[in-house]
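Novice: Structure incoming, see below.
The values are calculated or read from the model by the stated rules, or taken from the named source; none is laboratory data. Predicted model only: the values in this text are computed from it and were never measured. Cβ atoms come from the backbone with ideal geometry, glycine included; neighbour counts cover every protein chain shown. Calculation scope for accessible area: heavy atoms of the full protein, side chains included, ligands and nucleic acids excluded. Shrake-Rupley method; radii C 1.70, N 1.55, O 1.52, S 1.80 Å.
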Amino acid sequence: MRPPRVAVVGESLDRRLIGPVSRADIVRFAGAGGDFNPLHHDPEFARAAGFDDVIAMGQYQAGLLAALLSDLFGVENVLEFGVRFVRPVGLGDTVELSGEVMTVTGVVADLKLTASVEGEPVVTGTARVRVQGEDTP
Amino acid sequence: MNSIGIGDTVDIVLFDVESGKIREFAVSTAVTDPIHTERDVARDAGFASLPATLTHSVVTGHQRDQHAFVSALGLDISRVVVGSVSWRYLRTLVAGDSLTATRTVIADESKRGMRFVTLETAFADAEGALVLTQTDVLIERAA
């Protein structure tokens with residue numbers, strides 16, 4: 001196994017910018033996950049539902065945050081991950097992913113994660129990860 | 001009318017974790033860690049095969065009938081949104097895993113004119129061991 005990384009309370013995680021989100025990005029994720037709700041690929045359907053065009057599925061944004069999390073801490077060190085969907089992401093949006101270490105207890109850290117567009121949260125998340133304990137040599 | 005209630009099983013999905021699908025998730029969510037796509041990296045980290053990305057369980061969407069389970073829950077699909085999703089990992093899923101996902105209604109509450117239905121999906125491996133739980137909260141907005 002790869003050694004867990006060190007985490008310090010208050011530490012900001014490396015930010016990541018994704019986008020601008022394209023039709024291809026949304027369709028590619030639909031193919032991966034199997035979400036064929038027309039809201040995510042049919043512009044006319046999306047307009048009838050009150051949107052300007054298709055919107056991304058919440059699981060796309062959740063997946064982007066999960067990627068940030070596992071890239072930084074290692075997929076094998078993630079114990080829990082949760083997201084709350086705040087508002088939709090549309091075509092052309094650039095999603096900024098960020099996170100912060102909230103607490104470290106022994107070899108477990110709790111994190112706060114955020115995906116935002118133009119400074120407004122679109123998904124908020126939390127995670128519990130295995131880290132290197134402070135007294136680990 | 002709801003045909004299923006708290007404690008009832010919504011659906012059961014059987015699926016295999018596949019390396020091609022792991023790559024699709026890694027690429028579509030901008031994963032940079034090569035552990036999901038390069039066998040040598042996975043092997044050096046102690047995995048027998050490629051580990052799946054954190055939200056791989058979403059693939060069960062390919063095998064579910066969204067309209068059927070929403071109407072079985074007595075929900076109007078045009079007013080339903082997913083409010084939150086969480087995952088608890090008991091071990092990392094890897095290519096070659098054969099999983100059974102059993103989805104159950106664990107809560108159903110009405111607040112401020114909205115209905116909140118909580119579904120918990122238990123993923124068990126071929127040996128029957130629980131490897132992952134996923135919890136989804138569906139929100140039905142007021143009519």
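Novice: Given the criterion within 11 Å of chain B (Cβ to nearest Cβ), acidic (D, E) and more than 16 Å from the chain's Cα centre (by Cα), identify the matching residue among A:E76, A:E11, A:E80, A:E44.
Specialist: Criteria check complete, one pass: A:E76.
Novice: What is the number of the single condition among (1) among the acidic types (D, E); (2) farther than 26 Å from A:L39 by Cα; (3) free of Cβ contacts under 8 Å to residues at least 60 places away in the same chain that B:E120 does not meet?
Specialist: For B:E120, the exception is condition (2).
Novice: Here's another thing I want to ask about it. In region B:35-65, which residues are more than 9 Å from every other protein chain (Cβ to nearest Cβ) and of a type in the set (K, R)?
Specialist: B:R39, B:R43
Novice: Being modelled with pLDDT of 95 or more and on the phi > 0 side of the Ramachandran plot is the filter here, so list the residues in region B:93-143 that pass it.
Specialist: The answer is B:G96, B:G128.
Novice: Moving to a separate point now. Provide a single number: the residues in region A:23-51 that are closer than 24 Å to A:T124 by Cβ and outside any helix (DSSP H, G or I).
Specialist: 5
Novice: For region A:24-33, how many residues are surrounded by 15 or more Cβ atoms within 10 Å (Cβ to Cβ) and either of a type in the set (D, E, K, R) or within 7 Å of chain B (Cβ to nearest Cβ) (or both)?
Specialist: Residues in region A:24-33 being surrounded by 15 or more Cβ atoms within 10 Å (Cβ to Cβ) and either of a type in the set (D, E, K, R) or within 7 Å of chain B (Cβ to nearest Cβ) (or both): 5 in total.
Novice: Let me ask something additional. Starting from region B:75-88, keep only residues that are within 26 Å of A:F81 (Cβ to Cβ), then list their pairs with residues that are modelled with pLDDT under 90 and open to solvent by less than 60 Å² (accessible area, probe 1.4 Å) whose Cβ atoms are within a distance under 7 Å, requiring at least 6 positions of separation or different chains.
Specialist: B:V80/B:V70
One line per residue, one yes/no per condition, for (1) modelled with pLDDT of 95 or more; (2) open to solvent by 50 Å² or more (accessible area, probe 1.4 Å); (3) of a type in the set (A, V, I, L, M, F, W, C); (4) more than 16 Å from B:H56 (Cβ to Cβ):
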{"residue": "A:D52", "(1), (2), (3), (4)": "yes, yes, no, yes"}
{"residue": "A:A67", "(1), (2), (3), (4)": "yes, no, yes, no"}
{"residue": "A:T114", "(1), (2), (3), (4)": "yes, no, no, yes"}
{"residue": "A:E120", "(1), (2), (3), (4)": "yes, yes, no, yes"}
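Novice: Here are B:F47, B:F25, B:F69, B:F15: which of them is touching a residue at least 40 places away in the same chain (Cβ under 8 Å) and within 14 Å of the chain's Cα centre (by Cα)?
Specialist: So the residue among B:F47, B:F25, B:F69, B:F15 that is touching a residue at least 40 places away in the same chain (Cβ under 8 Å) and within 14 Å of the chain's Cα centre (by Cα) is B:F15.
Novice: Take A:G58 and decide whether it is farther than 17 Å from A:S12 by Cα and surrounded by fewer than 20 Cβ atoms within 10 Å (Cβ to Cβ). Please lay out each step first, then the result.
Specialist: Working: farther than 17 Å from A:S12 by Cα: yes; surrounded by fewer than 20 Cβ atoms within 10 Å (Cβ to Cβ): no.
Against the criterion (farther than 17 Å from A:S12 by Cα and surrounded by fewer than 20 Cβ atoms within 10 Å (Cβ to Cβ)), A:G58 does not qualify.
Novice: Related question: Answer with yes or no whether B:G20 is within 29 Å of A:R23 (Cα to Cα), under 14 Å from the mean Cα position of the chain (by Cα) and of a type in the set (G, A, S). Spell out the reasoning first.
Specialist: Details: within 29 Å of A:R23 (Cα to Cα): yes; under 14 Å from the mean Cα position of the chain (by Cα): no; of a type in the set (G, A, S): yes.
The answer is no for B:G20.
Novice: Restricting the search to region A:93-120, which residues are assigned to a strand (DSSP E or B), within 24 Å of A:V21 (Cβ to Cβ) and of a type in the set (S, T, N, Q)?
Specialist: A:S98, A:T114, A:S116
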